[in-house]
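Down below is the structure, laid out as structure tokens.
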Amino acid sequence: MNFFSRLDELAEKKDTLLCIGLDPNFAMQPGEDAETALVDFNRRIIDLTQQFALCYKPNIAFYERFGPAGLTALKKTIEIVPNDIPVIIDAKRGDIGNTAKAYAQTIFDHFKAQAVTLNPYLGKESLEPFLAREDKGLFVLCRTSNPSSAAVQLAEVKNSRTGGFVPFYVHLAEETARWGKNVGLVVAANEADALQTVRRLLPDIWFLAPGIGAQGGSVEEAMASGARLDGKGILPMAAREIIEDPRPDEKAKMLRDRIRAAHRKITARGYSAPPVKKTYRELVLKMVEHGCFKVGRFTLKSGLVSPFYLDLRRLVSDPDLLRLAADAYIDMLRPLSFDRVSAIPVASLPVATAVSLSLGVPMIYPRIPAKAHGSGSPVDGAYKTGEKIVLIDDLITTGLSKLEALEVLRGQGLTVDDLVVLVVRGKTAAADLENHGVTLHAALDMEDILQVVEREGLADEATLAEIREFMAKS
């Protein structure tokens, strides 16, 4: 059993995901013995918090600064941790050849840690001695919380798989995840966009999510954005928030309980799409403000009476709303490779035009139904046979409603492999499209919208419960 399998079992057994950082950042008094002071400090934290912790994460720098005494203290600290609680040494090592091998021996053989953080900048070669330890866990740096990291981690690079452009951290996540089954990723708890983006790409991988508390990350946001569908797969990590508190046990318990509540909310959802992106909160609020989402009593075409109504034609009501919607589409389009976008008339024509203008990508659209007068062309706009097209629409309930546009475009010799929508509200939509060789990309599902509405107090609990029950049945 590898590290992550054991982590799954322990998380189930202890009902916690909390990772506690053992980073003693205090000054020594003159004549004070560093080894004793560090060990005593850590022993107190471990004794008080072990029932709430899934794992501990000492940052090696806080021990190295004291020389041999500090490194001895680190080794003794790890020995204090109960055997069933894993220890992740935060070392961020990254080198090649014998140096990398020596690093692996130090972390796993000398200190006896079960996992380590690593820097992948030198490529797979720098991780090979660690990857060879198949029973150990490797958390590879992916998206960090320090402000200047954006200059590197958000730089756009060409994705070798799709041919499109993605932020460097996204490329890094996809690349390093292929290196071994014992690879996890470091994705900051206060980078909700990154947590959700990488979770969409890698639904099963474990995240180490530092930054809870002092660095601005919240348990709820980290869980909502980064947890797997089973509510696990993420280690929200707090250090100063716990170890500098006068009552570290109470603080650890409070965080553990908040993680439990978030876990239960995720597993009770019953929806397959990940939670709403942090940056889409403003979009959803604008949608509500301008009547794109309403609650009440609405008779649908099918004759069913719905407790809510989506009217995305109203996206054009406000320039800021249209811009936010276009930005959401652009987020989904950036990783894709295509020559043109195509709207599905008529609801998506405005937003597809906004996307076309923003990206500088030409746009076409099928004429549905085809017109006999004029040129009689089934597609408006210039195109060449063999070009790759991405379909754009406002929302999707079933994939069957998009087939007419798909058939028209493919009938003109165009390749269509992707459909992007703002909202998916049907459970079968992705499968329906997949049967026709099309991948669905959606910015929001109904639960995403309901979460924002719920958090902002825009509907009462009874109404939200009714909507969720209606969605579950329809």
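The values are calculated or read from the model by the stated rules, or taken from the named source; none is laboratory data. For clarity, every value in this text was computed on a predicted model and none was experimentally measured. Cβ sites come from the backbone with ideal geometry, for glycine too, and all protein chains shown count toward neighbours. Quick note on the areas: whole protein, heavy atoms, side chains included, nothing else; ligands and nucleic acids left out. Shrake-Rupley method; radii C 1.70, N 1.55, O 1.52, S 1.80 Å.
Here are a few things to note about the model shown:
- Tally of residues being of a type in the set (A, V, I, L, M) and not in a helix (DSSP H, G or I) across segment 215-234: 3
- Segment 164-216, residues that are at pLDDT below 90 and among the basic types (Lys, Arg): Arg199, Arg200
- Listed by position, the strands (runs of 3 or more DSSP E) contained in segment 347-432 that have at least 3 residues being over 25 Å from Leu310 (Cα atoms), touching an Asp or Glu at 6+ places or on another chain (Cβ under 6 Å) and of a type in the set (Gly, Ala, Ser) form an empty set.
- When segment 289-321 is filtered for residues that are open to solvent by 40 Å² or more (accessible area, probe 1.4 Å) and assigned to a helix (DSSP H, G or I), the ones remaining, listed by number, are Glu289, Arg313, Arg314, Val316, Ser317, Pro319, Asp320.
- Scanning segment 156-172 for residues that are open to solvent by 50 Å² or more (accessible area, probe 1.4 Å) and part of a strand (DSSP E or B) yields a count of 3.
- Candidate set from segment 212-239 (those that are open to solvent by 20 Å² or more (accessible area, probe 1.4 Å) and polar (S, T, N, Q)); member that is nearest to the chain's Cα centre (by Cα): Ser218
- Pairing each residue of segment 346-360 that is open to solvent by less than 60 Å² (accessible area, probe 1.4 Å) with any residue that is among the hydroxyl-bearing types (Ser, Thr, Tyr) and in a helix (DSSP H, G or I), provided the two are 6+ apart or on different chains, yields C-beta distances under 6 Å for Val355/Tyr329.
- Within segment 177-214, the set of residues being under 20 Å from Asp8 (Cβ atoms), part of a helix (DSSP H, G or I) and touching a Lys or Arg at 6+ places or on another chain (Cβ under 9 Å) comprises Leu195, Val198, Arg199.
- Test: residue in segment 456-464 that is crowded, with 20+ Cβ neighbours inside 10 Å and in contact (Cβ under 8 Å) with a residue 40 or more places away in the chain: no
- Filtered by the rule that a residue be among the small types (Gly, Ala, Ser) and within 19 Å of Cys19 (Cβ to Cβ), segment 70-110 gives a lone residue, Ala91.
- Counting only strands (runs of 3 or more DSSP E) wholly contained in segment 1-116, the ones carrying 2 or more residues that are open to solvent by 10 Å² or more (accessible area, probe 1.4 Å) and in contact (Cβ under 8 Å) with a residue 12 or more places away in the chain occupy 88-93.
- Odd one out for Leu141, checked against (1) closer than 23 Å to Cys55 by Cα; (2) in a helix (DSSP H, G or I); (3) not small (Gly, Ala, Ser): (2)
- Flag for Arg260 being open to solvent by 40 Å² or more (accessible area, probe 1.4 Å), at pLDDT below 95 and farther than 12 Å from Leu18 by Cα: no
- Some residue of segment 139-147 being farther than 29 Å from Asp84 by Cβ and buried (at least 22 other Cβ atoms within 10 Å of the Cβ): yes
Every residue, every condition in (1) within 16 Å of His110 (Cβ to Cβ); (2) among the aromatic types (Phe, Trp, Tyr), yes or no:
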position	(1), (2)
Phe3	no, yes
Glu9	no, no
Gly21	no, no
Gln29	no, no
Asn42	no, no
Ala53	no, no
Phe62	no, yes
Thr77	yes, no
Pro82	no, no
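Results for (1) of a type in the set (A, V, I, L, M); (2) surrounded by fewer than 24 Cβ atoms within 10 Å (Cβ to Cβ), shown as yes or no for each residue.
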residue: Pro129; (1), (2): no, yes
residue: Gly137; (1), (2): no, no
residue: Ser149; (1), (2): no, yes
residue: Leu154; (1), (2): yes, yes
residue: Gly184; (1), (2): no, no
residue: Val187; (1), (2): yes, no
residue: Glu191; (1), (2): no, no
residue: Val198; (1), (2): yes, no
residue: Pro210; (1), (2): no, no
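- Complete set of residues in segment 110-137 that are of a type in the set (Phe, Trp, Tyr) and within 24 Å of the chain's Cα centre (by Cα): Tyr121
- Boolean, Asp47 is touching a Pro at 6+ places or on another chain (Cβ under 9 Å) and within 27 Å of Asp245 (Cβ to Cβ): no
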